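To start, the structure under review is shown below, and the notes come after it.
The values are calculated or read from the model by the stated rules, or taken from the named source; none is laboratory data. This one's a predicted model, so the numbers in the text were calculated from it and none came from an experiment. Here the Cβ positions follow ideal geometry from the backbone for every residue, glycine too, while neighbour counts run over all protein chains shown.
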Amino acid sequence: MVVTKSTPRKRWPRPDRHKRISALQERDTRAARTADLLLYRRLLRQARPYWGRILGLFLLSLLSTPLALLTPLPVKVVVDSVIGTDPLPTFLVALLPDSVLGSRESILIIAVLLVVAVALLKQVQHLTSSVLRASTAQNVVRAFRAHLFRHVQRLSPTYHDSKGIADAAYRIQKDADSIHYVTIEGVIPFVTSTFTLLSMIYVVVRLDWQLSLVALAVTPALFVMTRHYRINLRRRSRSARRLEGQAIGIVYEVLSALRVVKAFGQEERELARFESAAQKGVVQRVRLAASQGGLGLLVGLTTAAGTAAILLLGTRHVLSGELLLGELLLVMSYLTQLYQPMRTISKKVASLQGHLASAERAFALLDETPDVPEKEGARGLERARGQVAFEGVSFEYEPKTAVVQGASFEVDAGLRVGIVGRTGTGKTTLLHLLTRFFDPTQGRILLDGVDLRDYRLRDLRRQFAIVLQEPILFSTSIAENIAYGRPDARRSEIVAAATAANAHEFIAALRDGYDTTVGERGMRLSGGERQRIALARAFLKDAPILILDEPTSSVDVRTEAGIMEALERLMQKRTTFMVAHRLGTLESCELLLHIDDGGVVRKTSHAELEAQNRVVELQAPDENEHPLDTGTDAR
């Protein structure tokens, strides 16, 4: 039997290992500190329009320092100069007349009046600060939310498909609050507490330097504890907000599909799903509260130890005659106010971690780059003629998966173009590219001979009127929905557009007529009524290019006839692109684009399609499509 020696496992020497761990921790701490500084800078830049108010609030907060110093002074005066026989503090002797200084009764009255005056000043300062703080905070948060909302609307449908609308809504409504807590509730009390702390230290040193050293001995311990807890609190705060966002996402999803949930009797299942997600958030919040409570416990015990040491040493100084009783009471009062800023700073550092985590999430949303950027110095466009050309256009949602491949065709102004193909072959994607919701992966699209990317986005999209398969209405009045593309339209113009869309008759029959509220997504109206309002919206916008994405697929035959009659009027003298599965819907189209598998677009005609027996029947939407909005079939 052969005995072999096993090779001992190589281990780092313990000192080297500790050095490595310490170096990694130091690196993480430096990185976190740098990230925090950048975050503070971004928050302060965001609050720049309100710096005047924030400065005023800061100056008001600084008044708390002299008021805090004056608060215990009347007690010292009464104990030492009214009950006792010691002289008044020097600055009071300089302020008060000689007639008062010689009378204990007068000094007592001055002390009582000083109590009232200090209390009154404190309340006035508190009231003024509260009103200014509330006004500034609400305006700062409103502006930040508006900034986030403006940016979210610029992001592509692909981003919202992947992240969900609940995530963006949570960041806008909840995470945006962080700017208020950091710039106002966090930074100002932090700086004010620092000023108060320095003032208290100065006064205590003047009274008894030994006591001041004992009082300050707890500072390093507080610093170490705060530094240790900071990263852990930030991590737990991020996790809690992410889990809360997931729970809200379930609520959004279920309420938007409530009819389906009820139809399949899945209310309890969805409730269980929500409670499971919410419970995870609760657990994380409890852990966060435990961490914050643990830090508060350690801070409280540390400052209590400092107070006990001061009481012991100060009593001995009084007994030995080194310190007056009133001065000890003054020191103990200042000590309470000395430790209060320390506790405030420690708590603010702890609570700020949650708000900084929210600020990170809000700025992460702002850092999302729109897929369709506007070129610097882009051209304006009043009204296009409507001539469209695709030149070698290809597009991929995912790498190496072409949805549209090498599309090349020209459409003269005023021409009617039908787009056919099986579900999922990229019909609506072609329209997305035309309206520049996405940019081509390869090739270019021209409008009146100019690349779409050279136009200002706002001007470009004014050239299109869109009617979708599932019309989207807003929870406002019928008149406001019709005038959505032209908010300044007169009532007579709105009525004329509704008449052209064969919608006036049913609108006039409603109790409130054009002022009828349609409910969320227009659900108080039938599908045909919603579609005719969408047509009226297109009539009123009067854009040179019309996009129709299965406009009659979800209505009955009788309603379809009325809609097609209105569409015929709407298409007059407009370049029209119409997606349909039934060739009968495209009879009036002068050019057909047939999209094969692989996204290849080729020109064809009714006769060719019928000869090849390739008439595409109406099919259900494909869940893999990328919708123009939440209610449309894509591609």
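Only one of the numbered conditions (1) of a type outside the set (F, W, Y); (2) modelled with pLDDT under 85; (3) part of a helix (DSSP H, G or I); (4) more than 30 Å from S212 (Cβ to Cβ) is not met by G265, and that is (3).
Okay, residues lined up against (1) free of Cβ contacts under 8 Å to residues at least 60 places away in the same chain; (2) farther than 24 Å from L567 by Cα; (3) charged (D, E, K, R):
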{"position": "K427", "(1), (2), (3)": "no, no, yes"}
{"position": "L431", "(1), (2), (3)": "no, no, no"}
{"position": "P440", "(1), (2), (3)": "yes, yes, no"}
{"position": "R444", "(1), (2), (3)": "yes, yes, yes"}
{"position": "G449", "(1), (2), (3)": "no, yes, no"}
{"position": "L452", "(1), (2), (3)": "yes, yes, no"}
{"position": "A465", "(1), (2), (3)": "no, no, no"}
{"position": "Y484", "(1), (2), (3)": "yes, no, no"}
{"position": "D512", "(1), (2), (3)": "yes, yes, yes"}
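Against the list (1) surrounded by fewer than 18 Cβ atoms within 10 Å (Cβ to Cβ); (2) out of contact with any helix residue (DSSP H, G or I) (no Cβ under 7 Å at 6 or more places or on another chain), the condition V187 fails is (1).
Listed by first and then second residue, the pairs with beta-carbon distance under 7 Å, at least 6 apart or on different chains, first residue in segment 75-89 and crowded, with 20+ Cβ neighbours inside 10 Å, second charged (D, E, K, R) and assigned to a loop (DSSP other than H, G, I, E, B), are D80/D86. Restricted to helices (runs of 4 or more DSSP H) entirely inside segment 138-254, those with at least 2 residues that are over 24 Å from K280 (Cβ atoms) and not basic (K, R) are 157-163, 187-207, 209-216.
Number of residues in segment 150-167 that are within 13 Å of the chain's Cα centre (by Cα), of a type in the set (A, V, I, L, M) and within 20 Å of R458 (Cα to Cα): the value is 1. Of the residues in segment 405-418, at least one is surrounded by fewer than 16 Cβ atoms within 10 Å (Cβ to Cβ), touching a Gly at 6+ places or on another chain (Cβ under 8 Å) and among the hydroxyl-bearing types (S, T, Y). Checked against the criterion of being of a type in the set (G, A, S) and surrounded by 15 or more Cβ atoms within 10 Å (Cβ to Cβ), the candidates G245, G300, G293 yield just one match: G245.
Filtering L325, L356, L381, L312 for residues that are modelled with pLDDT under 80, out of contact with any His (no Cβ under 8 Å at 6 or more places or on another chain), hydrophobic (A, V, I, L, M, F, W, C) and at negative phi leaves a single hit, L325. Just one of (1) closer than 30 Å to I172 by Cα; (2) modelled with pLDDT under 85 fails for A146. It is (2).
Can you tell me which residue within segment 103-142, out of those that are of a type in the set (G, A, S) and buried (at least 16 other Cβ atoms within 10 Å of the Cβ), is modelled with the lowest pLDDT? Only one residue fits best here, namely A111. With respect to (1) exposed (fewer than 12 other Cβ atoms within 10 Å of the Cβ); (2) at pLDDT 80 or above, the lone exception for D98 is condition (2). Filtering S193, S156, S212, S199 for residues that are of a type in the set (G, A, S), touching a Phe, Trp or Tyr at 6+ places or on another chain (Cβ under 7 Å) and more than 30 Å from L271 (Cα to Cα) leaves a single hit, S156. Among the residues of segment 77-118, those that are within 22 Å of V331 (Cβ to Cβ), more than 59 Å from the chain's Cα centre (by Cα), outside any helix (DSSP H, G or I) and of a type outside the set (S, T, N, Q) comprise G84, D86, P87.
Can you name every one of the helices (runs of 4 or more DSSP H) wholly within segment 473-566 that holds 2 or more residues which are under 35 Å from the mean Cα position of the chain (by Cα), β-branched (V, I, T) and buried (at least 20 other Cβ atoms within 10 Å of the Cβ)?
Passing ranges, in order: 478-482.
Among the residues examined, G421 qualifies as closer than 27 Å to Y159 by Cα, surrounded by 21 or more Cβ atoms within 10 Å (Cβ to Cβ) and in contact with a helix residue (DSSP H, G or I) (Cβ under 7 Å, 6 or more places away or on another chain).
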